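What follows is a set of notes on a single structure, which appears directly below.
The values are calculated or read from the model by the stated rules, or taken from the named source; none is laboratory data. Just so it is clear, the model here is predicted, and its values are computed rather than measured. Here the Cβ positions follow ideal geometry from the backbone for every residue, glycine too, while neighbour counts run over all protein chains shown. Keep in mind that these areas ignore ligands, DNA and RNA; they rest on the heavy atoms of the full protein, side chains included. Shrake-Rupley method; radii C 1.70, N 1.55, O 1.52, S 1.80 Å.
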Amino acid sequence: MTFREFLKNNIVYLDGAMGTLLQEAGLKPGEYPERWNVLHPEVITKIHREYYDAGSNVVCTNTFGANTLKFSEDEMEVIVQSAIANAKQAKEQSASQAEKFVALDIGPSGKLLRPLGDLDFEDAVTIFAKTVKLGVKYGADLIIIETMNDSYETKAALLAAKENSDLPVIVSNAYGEDGKLMTGATAAAMVAMLEGMGADAIGANCSLGPRQLRAVAEELLSNASVPVVFKPNAGLPKSVDGKTVFDVSADTFSDDVALLMKKGLRVVGGCCGTTPEYIRALTKKTVHFTPVPITPKNITVVSSYTHAVKFGDSPVLIGERINPTGKKRFKRALLENDIHYILSEGVNQQEKGVHILDVNVGLPDIDEVEMLRTTVCELQAVVNLPLQIDTSNMAAMETALRRYNGKAMINSVNGKKESMDAVFSLVKKYGGLIVALTLDENGIPETAEGRFKIAEKILNTAAQYGIDKKDIIFDTLAMTISADNKAAVATLGALRHIRAELKCHTSLGISNVSFGLPNRDAVNGTFFAMALENGLSAAIMNPYSADMMKTYYTYRALKGLDENCADYIAAADTFTLAAPASTAAAADTKKTADEFKSELQHAIIKGFKDKAGTITKELLKSTPPLDIVNQEIIPALDIVGLGFENKTVYLPQLLMSAEAAKSAFESIKAFVSGNEAKTSNKGTFVIATVQGDIHDIGKNIVKLLLENYGFNVVDLGKDVPPEKIVETVLNLHSPFAGLSALMTTTVPAMEETIRLLKEKAPWCKTVVGGAVLTQEYANKIGADKYAKDAMEAVRYADRVVESAGVQ
Ligand code: B12
């Protein structure tokens, strides 16, 4: 029986942990477990066999960290070959009567993808592809991609699996206590993306015990139309007598997992801390369970790297402003490659409350493939809304879908054969929700019936490609009423018909309807309300239009979709506002220093790197550099930091803000170094961010200021071990060591550095700083001086130099 056949009607038992068992067998800290496939095949085979004997149907090869970033291509081949051979041998040896399969195990690459880190998306695909090809070559039965905590990397791995094999693929992510991935994705968002790309089963593993992951399992079950995978840890790790132990026993673990199996889990196993005993307990308790049938959830959904947007509950707003049609300023931005303008249109529309952004960057004179790729990548770094890829250029569409971090909306397909063939093949591969226009080779039918017929044809053709009707949303084409006064009636008729008969969701580009008329917004607003009453699920619209927003909020309130009319009340006084302030700011007007200041905070909060640098340069003409740091850069980062703490901002946004702050700081640095020549040498100041901590913006500011006040600063960078700091202080006989720590978890490293410095270089004054420190804490860890900001560090060092005559 193939794995896919088995998965259809059975509960699948996976294995448990490998790493913790290898440590018990003697794997040393820092040693690569994957090498044990070759060095100690008997140990690996024994562990696999014990899992099969305990009732596992699938064991995962010992290849979690095997990739070409860690191993040479030659060594990779030997590792994967032996890993699969070990698992196959265990399969032969096991006396278990259960169906048995070998899964090629793929874990995270160990690097962060751009824009979070420096690994390019396509390079990640290539790295995973190499492992996949070896898995196929040496006969794995399926692939399991697991413990991924970034949706983008998960996509890269799944794409590599799909492009290089026909094997079934299980995809499992590591969710945190907040029920989200490290980079912010909810389980619903992951299901939307992974199902669209054709994962055979989707789930959660690692990070927490079965109880803490229960809500994630339930979210997966209510969204997924494929089997749900659950492979939690044996609870949380704790250290007992220097050994790591987990706090959930095999008995409790199996009870907790069994409870969720009754709700529908179909692929179960264990992660860190679990052993064959856990799997045995689980199989024993549940082997008689009847598998809960997998039911299609019929959810029409798109997703970004953080969340899913579902169609049907409440009207969905799709912002239309990233589109050159009829917009001179936007055309100019495209021709001049002014990506900032495009990004700010994205950010502004998000602030206005749209749920999805339409992205159209097609102009005759530009390279649309390149432009669309860049725009999608840059946009998803600064906004977390799902995107609607809007192009008729199929090469551009494919590049954008490939790079998109989520399940995109696709604008559009129509009833022409060539359009359907091109779009459906792309969607089959990358997933997506398709907007289907009800027109074909014969044009746009005048009647509602004609448009309905085309909709039926599109659905039938999509089905031949294996695309479900939940992934098609119909646009019945709003035509201008000034040319044909029955146009809106036909559009609305088709809309009603499609909703009622085909049960599909619908979308309309609203503004076409009013073309050629005065006060177009008035017509658009009313047409939008009529369309909603006739079954419109989503509108491509202008969120800066007060009439459109008025219709949206009043409709929701009147339809009982807005509890206590809370959203209406919150938005009511904005209905009269015109375009947002920052759009006006984009116009070339003269700005005051104050405007630049709040713009700088805005640029940092939104992560506009280039803009932050340029605004700072302007600001420096009228404001002292330190004021910019203290009144603009730090408060802006504090806002982002607070958002991060409250889980409204996720790591990618935090990172983009940090990049923008750094760019502002670079402008300040260039200005300061150009303006003030160093006048004296007051002595050496060794400075570093302590071990384990990579925050260095604050430390760099301190460095710049100290240099400008005549100190010779030796900057050791970030994540610096105590020994290196001490060694440098000793070599230079430095009178000062400045240490920065921004996290509670890295303050102990600061304490250790101070302890070593006191022991080896007692003359050296330790000056400490960083957001988490306080005077009290600084005293406790024995620092000579706590400086709350850079200026205080300079004043202190000056005082010491003056009073002691330090040189
Ligand atoms: C920007 C930022 C990042 C950037 C850092 C980029 C970089 N190159 O520095 C990125 C995105 C990479 C990042 C990563 C992480 N971050 Co962070 N980050 C921040 C943020 C928003 C701002 C920090 C900052 O630069 N502030 C501006 C500077 C100018 O201020 P400052 O550092 O305090 O410096 C001033 C003074 O303190 C003093 N000073 C600083 N150092 C020194 C040194 C000396 C010698 C002296 C005298 C004075 C001095 O002078 C400076 C100028 O006046 C803070 C939140 C916040 N409000 O602080 C979170 C924050 C520090 N990060 C946090 C976390 C949790 C993380 C991550 C673990 C997230 C994750 N899940 O991966 C990782 C950490 C990775 C690691 N191992 O270090 C938490 C820490 C929580 C805690 N209490 O422990 C914070 C507080 C956010 C939060 N509220 O949850 N982060």
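Please identify the pairs in which a residue from region 632-645 that is open to solvent by 10 Å² or more (accessible area, probe 1.4 Å) and of a type outside the set (D, E, K, R) has its Cβ atom under 6 Å from the Cβ atom of a residue that is near the ligand (Cβ under 6 Å from one of its atoms) and at pLDDT below 90, counting only partners at least 6 apart or on another chain. Final answer for the pair search is Phe644/Leu654.
Looking across region 54-77, just one residue is surrounded by fewer than 16 Cβ atoms within 10 Å (Cβ to Cβ) and hydrophobic (A, V, I, L, M, F, W, C), and that is Leu69. Taken together, the residues in region 254-266 that are more than 17 Å from Val292 (Cα to Cα) and in a loop (DSSP other than H, G, I, E, B) amount to 0. If you go through region 170-193 and keep only what is assigned to a loop (DSSP other than H, G, I, E, B), within 16 Å of the ligand (Cβ to nearest atom) and either more than 23 Å from Phe311 (Cβ to Cβ) or open to solvent by 10 Å² or more (accessible area, probe 1.4 Å) (or both), you end up with Ala174, Tyr175, Gly176, Glu177, Asp178, Gly179, Lys180, Leu181, Met182, Thr183.
Scanning region 259-275 for residues that are open to solvent by less than 20 Å² (accessible area, probe 1.4 Å) and in contact with a helix residue (DSSP H, G or I) (Cβ under 9 Å, 6 or more places away or on another chain) yields a count of 11.
Take the conditions modelled with pLDDT of 95 or more, open to solvent by 80 Å² or more (accessible area, probe 1.4 Å) and out of contact with any strand residue (DSSP E or B) (no Cβ under 8 Å at 6 or more places or on another chain) and apply them to Glu727. Does it pass?
yes
For region 762-783, the tally of residues that are outside any helix (DSSP H, G or I), within 42 Å of the chain's Cα centre (by Cα), surrounded by fewer than 20 Cβ atoms within 10 Å (Cβ to Cβ) and more than 7 Å from the ligand (Cβ to nearest atom) stands at 2. Out of Leu426, Leu439, Leu502, Leu433, one residue alone is open to solvent by 10 Å² or more (accessible area, probe 1.4 Å), within 30 Å of Leu158 (Cβ to Cβ) and among the hydrophobic types (A, V, I, L, M, F, W, C). It is Leu426. Just so you know, in region 86-109 the residues that are in a loop (DSSP other than H, G, I, E, B) and in contact with a Lys or Arg (Cβ under 7 Å, 6 or more places away or on another chain) include one that is farthest from Gly135 (Cα to Cα), and it is Ser94.
If the condition is being closer than 30 Å to Leu654 by Cα and among the polar types (S, T, N, Q), then region 279-307 contributes Ser303, Ser304, Thr306. For region 110-124, the set of residues classified as outside any helix (DSSP H, G or I) and of a type outside the set (A, V, I, L, M, F, W, C) consists of Gly110, Lys111, Arg114, Pro115, Gly117, Asp118, Asp120, listed by residue number. Gly235 falls short on exactly one of the conditions (1) modelled with pLDDT of 95 or more; (2) in a loop (DSSP other than H, G, I, E, B), and that condition is (1).
His695 meets the conditions (1) within 6 Å of the ligand (Cβ to nearest atom); (2) touching a residue at least 12 places away in the same chain (Cβ under 8 Å); (3) in a helix (DSSP H, G or I) in every case but one. The failed one is (3). When you look at Val702, is it within 12 Å of the ligand (Cβ to nearest atom), touching a residue at least 60 places away in the same chain (Cβ under 8 Å) and more than 32 Å from the chain's Cα centre (by Cα), yes or no? For Val702, the condition - within 12 Å of the ligand (Cβ to nearest atom), touching a residue at least 60 places away in the same chain (Cβ under 8 Å) and more than 32 Å from the chain's Cα centre (by Cα) - is met. When Ala396 is tested against (1) touching a residue at least 60 places away in the same chain (Cβ under 8 Å); (2) more than 17 Å from the chain's Cα centre (by Cα), just one condition goes unmet, and that condition is (1). For region 623-644, taking the residues that are under 20 Å from Leu704 (Cα atoms) and not hydrophobic (A, V, I, L, M, F, W, C), the one that is farthest from the ligand (Cβ to nearest atom) is identified as Thr623. Across region 539-550, the qualifying residues are those that are open to solvent by 20 Å² or more (accessible area, probe 1.4 Å) and over 29 Å from the mean Cα position of the chain (by Cα), and the one among them that is nearest to Val347 (Cα to Cα) is Ala546.
Only a single criterion out of (1) crowded, with 16+ Cβ neighbours inside 10 Å; (2) under 23 Å from His340 (Cβ atoms) is not satisfied by Ser622, namely (1).
Quick one: is Val794 open to solvent by less than 40 Å² (accessible area, probe 1.4 Å), over 20 Å from Ile697 (Cβ atoms), in a helix (DSSP H, G or I) and out of contact with any Asp or Glu (no Cβ under 9 Å at 6 or more places or on another chain)?
Criteria not met by Val794.
Of all residues assigned to region 689-703, at least one qualifies as being small (Gly, Ala, Ser) and surrounded by 15 or more Cβ atoms within 10 Å (Cβ to Cβ).
Hey, among the residues in region 735-756 that are closer than 20 Å to Asp696 by Cβ and more than 13 Å from the ligand (Cβ to nearest atom), which one's surrounded by the fewest Cβ atoms within 10 Å (Cβ to Cβ)?
Glu752
Looking at the structure I just gave you, is Ser225 hydroxyl-bearing (Ser, Thr, Tyr), touching a helix residue (DSSP H, G or I) at 6+ places or on another chain (Cβ under 8 Å) and open to solvent by 10 Å² or more (accessible area, probe 1.4 Å)?
yes
Criterion first (loosely packed, with under 14 Cβ neighbours inside 10 Å, assigned to a helix (DSSP H, G or I) and at pLDDT 95 or above) does Asp251 satisfy it?
Here the answer is yes, as Asp251 does meet what is asked.
For region 138-159, a tally of residues being aliphatic (A, V, I, L, M) and assigned to a loop (DSSP other than H, G, I, E, B) returns 1. Criterion applied to Lys591, Lys669, Lys682, Lys647 was being part of a loop (DSSP other than H, G, I, E, B), at pLDDT below 90 and within 14 Å of the ligand (Cβ to nearest atom), and the one residue passing it is Lys647.
With respect to the conditions (1) open to solvent by 10 Å² or more (accessible area, probe 1.4 Å); (2) part of a helix (DSSP H, G or I); (3) in contact (Cβ under 8 Å) with a residue 24 or more places away in the chain, Leu167 lacks only one, and its number is (2).
For region 17-70, what are the residues that are small (Gly, Ala, Ser), more than 18 Å from Ser82 (Cα to Cα) and assigned to a helix (DSSP H, G or I)?
Residues of region 17-70 small (Gly, Ala, Ser): 17, 19, 25-26, 30, 54-56, 65-66.
Restricting the remaining residues to those that are more than 18 Å from Ser82 (Cα to Cα) gives 17, 25-26, 30, 54-56.
Ala54, the sole residue that qualifies.
Across region 705-724, the qualifying residues are those that are among the acidic types (Asp, Glu) and more than 8 Å from the ligand (Cβ to nearest atom), and the one among them that is farthest from Gln631 (Cα to Cα) is Glu723.
Tell me, please, whether a residue that is on the phi < 0 side of the Ramachandran plot, open to solvent by 10 Å² or more (accessible area, probe 1.4 Å), part of a loop (DSSP other than H, G, I, E, B) and at pLDDT 95 or above can be found in region 239-248. Yes, that holds for at least one residue.
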